[in-house]
Amino acid sequence: MERLWTPWRYEYVSRAEDSSRPGVPEALSAWPGPRGDDKGCVFCNMIAAVDHAIDEGMAVEDAERAAHVVARGKSCFLCLNAFPYATGHILIVPYAHLDSLAALPSDGAVEMMLLAQRVESVLRSVYRPAGMNFGLNLGEAGGAGIAGHIHMHALPRWIGDTNFMTVTADTRVLPEALDTTWAKIRRAWSDSER
């Protein structure tokens with residue numbers, strides 16, 4: 001029997017199962033947690049922990065690297081999917097905790113789409129994919145893993161990128177660690193601002 005060792009995945013799997021504060025990486029664990037209306041939301045926790053670390057003196061780049069936040073807009077932010085379907089899997093996430101695209105204010109919806117256009121350009125420049133998938137899954141029945149907080153998926157795709165491993169072993173083969181992906185995309189994002 002062949003074994004595919006993916007030790008870097010253990011951190012994500014164990015963190016997801018054991019975390020009482022989903023979305024908060026170990027490097028940002030000083031975040032005191034939500035106050036008031038706790039939504040228990042991965043995205044709300046993540047961005048609050050990043051902001052707390054920055055407010056407490058951590059460098060912006062270090063705090064954002066810890067949570068794999070790629071960039072921020074006025075209404076939305078970009079982060080890597082902690083459980084990517086493919087290398088370069090980015091999420092475009094509104095700051096507002098909403099479970100419906102129809103509830104997203106127009107300025108947030110416009111920014112989400114403008115960010116999606118820029119994400120496409122950056123992913124094409126970094127990974128040279130043969131195609132792309134962009135999409136939203138609304139509600140648990142619609143396939144949303146985090147049904148309470150809408151987010152758009154952006155995935156680079158290549159011919160033959162789905163293989164027998166996904167079908168027979170329920171395993172995805174990812175050739176690059178998230179920290180490496182974050183550094184490549186973050187650099188390309190900054191370069192695209194010039």
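Read the figures in this text as sums done on the coordinates, not as results from a lab. All figures in this text were calculated on a predicted structure; none of them were measured in a lab. Quick reminder, even Gly has a Cβ in these numbers, built from the backbone with ideal geometry, and neighbours come from all protein chains shown.
General remarks:
- Radius ratio Rg over Rh of region 91-167, counting only Cα atoms, Kirkwood formula for Rh: 1.03
- Listed values for region 149-158 are Karplus-derived 3J(HN,Hα) couplings in whole Hz (6.51 cos²θ - 1.76 cosθ + 1.60, θ = phi - 60°), namely 9, 4, 6, 9, 8, 10, 10, x, 9, 10, and x replaces Gly and Pro.
- Taking amide H as placed 1.01 Å from N in the peptide plane, the amide H of Met132 sits under 5 Å from that of Arg157, each at least 5 places away or on another chain.
- As a calculated quantity, the FRET efficiency between Arg72 and Ile159 at R0 = 30 Å, using C-beta atoms, amounts to about 0.35.
- Our compactness index for region 65-135, the C-alpha radius of gyration over the empirical 2.2 N^0.38 Å, is 1.12.
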